[in-house]
Amino acid sequence: QVQLVESGGGLVQPGGSLRLSCTASGIIFNIYAVAWYRQAPGKQRELVAAVASGGTTNYADSVKGRFTISRDNAKNTLYLQMNSLKPEDTADYYCYIRRLASEYWGQGTQVTVSS
């Protein structure tokens, strides 16, 4: 059974930083493409950042230069380092993994950026 367990969300002031983690079990992690999505209240879920199994990264324009996605295949873990956070980054963040027709979502972790 595949499980994705996220952690690291919370409340942070504007300009602060958070690091999200997503640990996978039940799969061969290093062959999956992985990504972080987010969904703010009343809005559609959107791609934040992605990294392919080969290491190529892709970011939403709104987070370029502030967020960094990385993966540690030895630990079956995906990370999202978020710096210079803004109130508009407030959302539920979800990790996502995919290979061919198989895809899985984490349960989500809440990030609130507020003073």
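The values are calculated or read from the model by the stated rules, or taken from the named source; none is laboratory data. A quick note: this is a predicted structure, and the numbers were derived from the prediction, not measured. Heads up, the Cβs are rebuilt from the backbone with ideal geometry, glycines too, and the neighbour counts pull from every protein chain shown. Surface areas here come from the heavy atoms of the whole protein model, side chains and all, with no ligands, DNA or RNA. Shrake-Rupley method; radii C 1.70, N 1.55, O 1.52, S 1.80 Å.
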Along the chain, longest interval not containing exposed trypsin sites (Lys or Arg not before Pro), exposed being DSSP loop plus at most 13 other Cβ atoms within 10 Å: 65-115
Inter-probe distance in nm under a simple model that places probes 7 Å from Cα toward Cβ, at residue 112 and residue 40: 1.6 nm
Portion, in percent, of the accessible area of the chain that falls on carbon or sulfur, probe 1.4 Å: 45 percent
Charge tally in the Cβ shell below 15 Å around residue 44, where Lys, Arg are +1 and Asp, Glu are -1, residue 44 excluded: 0
Accessible area (Å², 1.4 Å probe, nearest 10) - residue 56: 100 Å²
Extension gain from residue 88 to residue 25, taking 0.36 nm per residue of separation minus the Cα-Cα distance: 19.5 nm
Relative contact order of the chain, pairs being alpha-carbon contacts under 8 Å that are 6 or more residues apart, as %: 36 percent
For region 99-115 and region 6-81, distance of Cα centres in Å: 8 Å
3J(HN,Hα) from dihedral phi, region 9-16, Karplus parametrisation 6.51/-1.76/1.60, rounded to Hz, x for glycine, proline: x, x, 9, 9, 7, x, x, x
Cα convex hull of the chain, projected area averaged across orientations, nm²: 6.8 nm²
Accessible surface, per residue, of the chain when the full set of protein chains is kept, probe 1.4 Å, Å²: 54 Å²
Label point 7 Å beyond Cα of residue 53 along Cβ direction - residues of region 82-108 with amide nitrogen under 16 Å: 97-104
